[in-house]
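Undergrad: The structure is given below, and queries will be raised subsequently.
The values are calculated or read from the model by the stated rules, or taken from the named source; none is laboratory data. As the structure is a computational prediction, the values presented were derived from the model and not from experiment. Using ideal geometry, Cβ is built from the backbone for each residue, glycine included, and neighbour counts are taken over all protein chains shown. Note: accessible area is taken over every heavy atom of the protein model, side chains too, but ligands, DNA and RNA are not part of it. Shrake-Rupley method; radii C 1.70, N 1.55, O 1.52, S 1.80 Å.
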Amino acid sequence: MTTSGSGTFFDGATSARHAVAVELAPEGLRIRSADGTLLGEWPYDDLESVPSPAGVLRLGRAGSPVLARLEIRDREFADAIDSRSIPVDRSGRSERRMRTRVIVWSLIATASLVGVAVWGVPLIATRLAPLIPYSLELRLGELIEVQARASLDTRHAGAAFECGNTAKEKPGRAAFDKLMNQLETAAGLPIPLHPLVVRQPEANAITLPGGYIYVFQGLIDKAESPDELAGVIAHEVGHAAHRDGTRAVLQAAGLSLLFGILLGDFVGGGAVVFAAKTILQTSYSREVETAADAYGVLLMARINADPRALGRFLSRIAGTTHPGPKILLDHPETRDRVAVIEAMSGTAPTRPPLDQADWAALKSICSSS
Amino acid sequence: MTTFDATVPAAQIGAVAPAGGFVRFRGEPRPFWRLLAHGAVLLMFTLGIYRFWLTTDIRRFLWSNTELAGESFEYTGTARELLLGFLIAIAILLPLYAGFFLVALRLGELSSLLALLVLTVLGHYAVYRARRYRLTRTVYRGVRFHQSGSAWRYAICAVLWWTLILSTLGLVYPFAQSRLERFKMRNTFFGNLQGRFEGSGVRLFLRGCILWLIAVVPFGIGSVATVRAVDWSALADAAGGDDLSSWLEASGLAGAMVYAGLTGIWVLLAFVLLYPVFQAIVLRWWTSGLRFGEVAVTSRLRTAQVLGVYARFLLCAFLFSLAAAAVVIPGAIVIPKLTGELDSMPKEIVTTFAGVAAYVAIALGYSAIYQATVKLGLWRCVVESLDISNPAVLEQVTAAGQPASPVGEGLADALSVGGI
């Protein structure tokens, strides 16, 4: 049985190298210099094996502020020390056990993160959105409006982003205002709406915080009656009434926080964050859209227009939109929505919210020049 | 790295390394590859949390296998410290981001400029603090390195220099580097032995100015040509309307696009070919300027070595791309068939999930290849190119300095400005 060997010792006070004789005493290592001076007595349970190149056992004293080091290059002698000291574990078993624990807890943390993202964030955003003062929402809306304009306004057509400002478009704008006035009066919201018709070919409409409603030109082109258009706008007024824009901003901020900051930075992490956000935001939007549909139906009934028109319009554009359509991604399955709208709509007689002449004018609100 | 590798031949053990004045690197590529491959898989499944452990493993490997005058370095940092630093960084950054959000409500567009400035200063601050952490976790012969100096002062100097570098298209880079490196090295200590930096900015400028002329001057000419080719009055006159091609002709945009394309290709080519050359020049200049008291470093690094490192990277990356394509292309064909029965929503989720997983796996693969070829390759050839004069001084150093907090590492990680 090996009971002594040689090594290299650094006392931690200077960088001088000491060739030493190491003795395996019953309670610990006894380190002596060549002339027999005792340089150190290290109890076995205080030993710590520190990072070293392959083939060298490098020992320090656990928790000691002095970085004294003992290097053993003889394999048998290193084995003898290992067998006597519990903290020195060259098989790496305790290190591996620790790592496994880290990995398992990381996976649990990931699961918890996803759980909070799926259920926690929308819940918090829903509770928080009504508490935000309208003054702050208006300010937020102004900022987002600038960004939305910048991202939607492609400008290559050479015409203004906003429809209804040229002489030819003015009657259309008047008709649009007439429609909006009916809806806004019936809705009775605490903040004024800022509806706009914008030159965008898609059949879509969006609502931003602060009551900004963008009706896309493509939507007006595809609508076959004033009731259909009014139905979609009533749905958007529902978003404004429920403060869904603010809620979406809060949700996005919450997700950025969860995924962007807590997850930190690793290669490819950006794609994970982006995909997770897209999928989660899509899943949040389902309930929100259903609620806005319900609001739209009630609002349409209040102005005596046809609430079923929204359902008809939805099923028509859902069938014609291109692959990967926004309206499908953002909206719950169209068939279900149409069924709900049908079920909610009453049987009271309806009349169109705009007469023939106004409707014709509104249809050409984006004719420009 | 704490394990006693059983495969080491007996002759190597026991042979106490000679106390020569040379530097060498003893790390084998194979264990490093294994470390990285293992790390990449765990990074993916722990959504990046494993990175603290991987970083620590990589540093332990590089430090432990770097040998100076017969003794190897020791990295004493731990993954727990890095994790702690990251948590502290979050505690600092979260209120800061919240503050930016509130300022954005008040100031609008201006606030993003402000945020950029604050984050840039903070990024350089983090780099300096992270360097302090790494130095105080570097032990050689039982004595640690440490770093003094104000990180805020460094950050402000660095931001001012980088503003100058960007506004002169890189022309003052050598002078900025020599100044910043002087600051860093003046504040770097091995025990009680103070470091300094003697690399001259003028010398680096003279060595690098040919590269600058080749890469940046054509870029400047190309940019000017692009701008001048555009007839701005025709462009502003939006009457071109629907006829896109005639409008492109009239405004000179078509010509400008050709100029811009040529400039872009030139810059890209110059970057790919000249970057390794540039890096070799900078590395040789930097290492040859390092001093610790009487100890001086000179580097024999050859440009061909650095080019070789990058060539190996490109080869490995190419082979990996082929392998990835062999997996991804059949996958892209099979998955839509398998999910054909599902509704649109679950289908969307399955395809997105598969796509993201493939993307992340491939990105992590490239990253591992980069680390194993470029990072390890450069480390090895730089370390082995070094000559140390007066190494005897290294034997008479008195210990000094205390371990520093890992907060700099955490900030650097959270702001994605990390170094090694």
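Undergrad: What percentage of all Cα-Cα pairs in the protein assembly as shown are separated by more than 38 Å? Walk me through the numbers on the way to the answer.
TA: Numbers: 173267 of 310866 pairs.
Everything past 38 Å amounts to 56 percent.
Undergrad: Over chain A, what relative contact order in percent results from Cα pairs under 8 Å that are six or more residues apart?
TA: On the way: 523 pairs, mean separation 55.0, N = 369.
In percent, rounded to a whole number, it is 15.
Undergrad: Same structure, new question: Taking every residue in A:96-107, how many Cβ atoms of other protein chains lie within 10 Å of its Cβ, on average?
TA: Working: counts 0, 0, 3, 6, 0, 0, 9, 6, 1, 2, 9, 4.
Per residue, the average neighbour count from other chains is 3.
Undergrad: Output wanted: per-residue J couplings in Hz (rounded whole) for the stretch A:236-251, from phi through Karplus 6.51 cos²θ - 1.76 cosθ + 1.60, θ = phi - 60°, x for Gly and Pro.
TA: Calculated HN-Hα couplings, in order: 5, 4, x, 4, 5, 5, 7, 6, 5, x, 4, 4, 5, 5, 5, 4 Hz.
Undergrad: For the pair B:ARG312/B:VAL121, report the inter-label distance in nm, with labels modelled 7 Å from Cα in the Cβ direction.
TA: Calculated label separation equals 4.3 nm.
Undergrad: Turning to a different aspect of this structure: Let me see the pair-distance distribution of chain B: every alpha carbon pair, 10 Å bin width, integer percents in order.
TA: 4, 15, 24, 26, 18, 9, 3, 1, 0
Undergrad: With a point put 7 Å past each Cα toward its Cβ, work out how far B:ILE221 is from A:GLU95 in nm, to one decimal.
TA: Roughly 5.6 nm, to one decimal.
Undergrad: Of B:TRP379, A:TRP42, which has the most accessible area with a 1.4 Å probe, and how do the rest follow in descending order? Walk me through the numbers on the way to the answer.
TA: On the way: B:TRP379 55, A:TRP42 10 Å².
From most exposed to least exposed: B:TRP379, A:TRP42.
Undergrad: Still on this structure, please answer the following. Within the stretch A:124-363, count lysine pairs with alpha carbon atoms under 27 angstrom apart where the residues are 8 or more positions apart or belong to different chains.
TA: 12
Undergrad: Sticking with this structure for a sec: Hey, can you grab everything whose amide H is under 5 Å from the amide H of B:ALA296? Only 5+ residues off in sequence or another chain; H modelled, so Pro and N-termini drop out.
TA: Placed amide hydrogens put B:SER389 under 5 Å from B:ALA296.
Undergrad: To the nearest whole number, what is the average tally of beta carbon atoms from other chains within 10 Å of the beta carbons of peptide B:143-155?
TA: On the way: counts 9, 2, 0, 0, 0, 0, 0, 0, 0, 0, 0, 0, 0.
The per-residue average across the peptide is 1.
Undergrad: Peptide A:55-61: average number of partner chain Cβ atoms within 10 Å per residue?
TA: Values: counts 12, 9, 4, 6, 0, 4, 0.
Mean number of neighbouring Cβ atoms from other chains: 5.
Undergrad: A further question on this structure: May I ask you to give the average projected area over all directions of the convex hull of the Cα atoms of chain A, in nm² rounded to one decimal? Please list the in-between numbers first.
TA: Details: hull surface 114.6 nm².
Computed as one quarter of the Cα hull surface, the answer is 28.7 nm².
Undergrad: To test your reading of the geometry: what angle, between 0 and 90 degrees and rounded to tens, separates the Cα axis of helix B:344-370 from the longest principal axis of chain B?
TA: Approximately 40 degrees, to the nearest ten.
Undergrad: How much net charge surrounds B:PHE313 when only the other residues with a Cβ under 14 Å from the Cβ of B:PHE313 are counted, with Lys and Arg +1 and Asp and Glu -1?
TA: Details: positive: B:ARG312, B:LYS375, B:ARG380; negative: none.
Around B:PHE313, the charge tally is +3.
Undergrad: Continuing with this model, one more query. Mind checking the full-extension length gain between B:GLU384 and B:SER321? Use 0.36 nm per residue of separation minus the Cα-Cα distance, one decimal, nm.
TA: Details: separation 63, 0.36 × 63 = 22.68 nm, distance 3.11 nm.
Stretched fully, the B:GLU384-B:SER321 segment lengthens by 19.6 nm.
Undergrad: Short version: what are the Cα gyration tensor semi-axes of the stretch A:4-84, square root of 5 times each eigenvalue, largest first, in whole Å? List each step's numbers first, then the result.
TA: On the way: eigenvalues 51, 44, 37 Å².
Those come to 16, 15, 14 Å.
Undergrad: Subtract the Cα-Cα distance of A:GLU48 and A:ALA174 from 0.36 nm times their separation in residues, and report this length gain in nm to one decimal.
TA: Working: separation 126, 0.36 × 126 = 45.36 nm, distance 8.30 nm.
Length gained between A:GLU48 and A:ALA174: 37.1 nm.
Undergrad: Using the basic label-point model (7 angstrom from Cα toward the beta carbon), what is the A:THR2 to B:ILE349 distance in nanometres?
TA: For A:THR2 paired with B:ILE349, the spin-label model returns 5.8 nm.
Undergrad: Check cross-link reach from B:LYS375 to the aspartates and glutamates: straight Cα distance under 17 Å, and skip same-chain residues fewer than eight apart.
TA: Partners found: B:GLU28, B:ASP57, B:GLU384.
Undergrad: Could I ask something else about it? Accessible area of B:ILE329, 1.4 Å probe, to the nearest 10 Å²?
TA: Solvent-accessible area, nearest 10 Å²: 100 Å².
Undergrad: Also, I was wondering about something else. Would you please give the residues with an amide H less than 5 Å from that of B:GLN194, counting only those at least 5 places away or on a separate chain, with H modeled from the backbone geometry?
TA: Result for B:GLN194 returns B:GLY293.
Undergrad: Taking the Cβ of B:ALA392 as the center, what net charge do the other residues with Cβ under 14 Å away carry, scoring Lys and Arg +1 and Asp and Glu -1?
TA: Working: positive: A:ARG17, B:ARG141; negative: B:GLU71, B:GLU294, B:GLU395.
Counting the neighbours of B:ALA392, the net charge comes to -1.
Undergrad: Counting other Cβ atoms within 10 Å, keep those with at most 13, restrict to DSSP loop, and tell me which GluC sites (Glu not before Pro) in the stretch A:4-42 are left. Can you show the working numbers first?
TA: Numbers: sites: A:GLU23, A:GLU27, A:GLU41; in loops: A:GLU27.
Of the GluC sites (Glu not before Pro), the ones in loops of the stretch A:4-42 whose Cβ has at most 13 other Cβ atoms within 10 Å are A:GLU27.
Undergrad: When the helix-only estimate is applied to chain A (DSSP H runs of n ≥ 4, each -39,500 (n - 2.57), divided by the residue count), what is the mean residue ellipticity at 222 nm, nearest 500 deg cm²/dmol? Working shown, then result.
TA: Details: 13 runs with 183 residues, N = 369.
When only DSSP H runs of four or more count, the value is -16000 deg cm²/dmol.
Undergrad: For A:SER364, what is the net charge nearby, where nearby means another residue's Cβ is under 11 Å from its Cβ and Lys, Arg count +1, Asp, Glu -1?
TA: Numbers: positive: A:LYS168, A:LYS170, A:ARG173, A:LYS363; negative: A:GLU169, A:ASP221.
Result for the local shell: +2.
Undergrad: Taking only DSSP H segments of four or more residues, each worth -39500 (n - 2.57), what value at 222 nm results for chain B once the sum is divided by all its residues, to the nearest 500 deg cm²/dmol?
TA: Values: 14 runs with 276 residues, N = 420.
For chain B, the value works out to -22500 deg cm²/dmol.
Undergrad: Mind ranking A:HIS235, B:HIS124, B:HIS38, A:HIS242 by accessible surface for me, highest first, 1.4 Å probe? Working shown, then result.
TA: Details: A:HIS235 5, B:HIS124 35, B:HIS38 105, A:HIS242 70 Å².
Largest accessible area first, the list is B:HIS38, A:HIS242, B:HIS124, A:HIS235.
Undergrad: Moving to a separate point now. In whole Hz, with x marking every Gly and Pro, tabulate ³J(HN,Hα) for the stretch A:159-174 from phi via Karplus 6.51 cos²θ - 1.76 cosθ + 1.60, θ = phi - 60°.
TA: Values per residue, Gly and Pro as x: 10, 5, 5, 8, 8, x, 9, 7, 4, 5, 8, 3, x, x, 4, 4 Hz.
Undergrad: Which FRET efficiency, nearest 0.05, do B:ILE156 and A:ARG351 yield, Cβ-Cβ r, R0 51 Å? Don't jump to the answer; show the numbers that get you there.
TA: Working: r = 70 Å, r/R0 = 1.37.
So the FRET efficiency works out to roughly 0.15.
Undergrad: Taking θ as phi - 60°, what are the ³J(HN,Hα) couplings along the stretch B:111-122 by the Karplus curve (6.51, -1.76, 1.60), each to the nearest whole Hz, with x for Gly and Pro?
TA: 5, 5, 5, 4, 4, 4, 4, 4, 5, 5, 4, 5
Undergrad: For A:SER6, list long-range residues whose amide hydrogen, built 1.01 Å from N in the peptide plane, is under 5 Å from its own amide hydrogen.
TA: Correct list: A:VAL22.
Undergrad: Give me the Kirkwood hydrodynamic radius of the stretch B:281-387 in Å, from all C-alpha pairs, to one decimal place? Before the final figure, lay out the partial values.
TA: Details: mean 1/r = 0.0580 Å⁻¹.
One decimal place: 17.2 Å for the Kirkwood radius.
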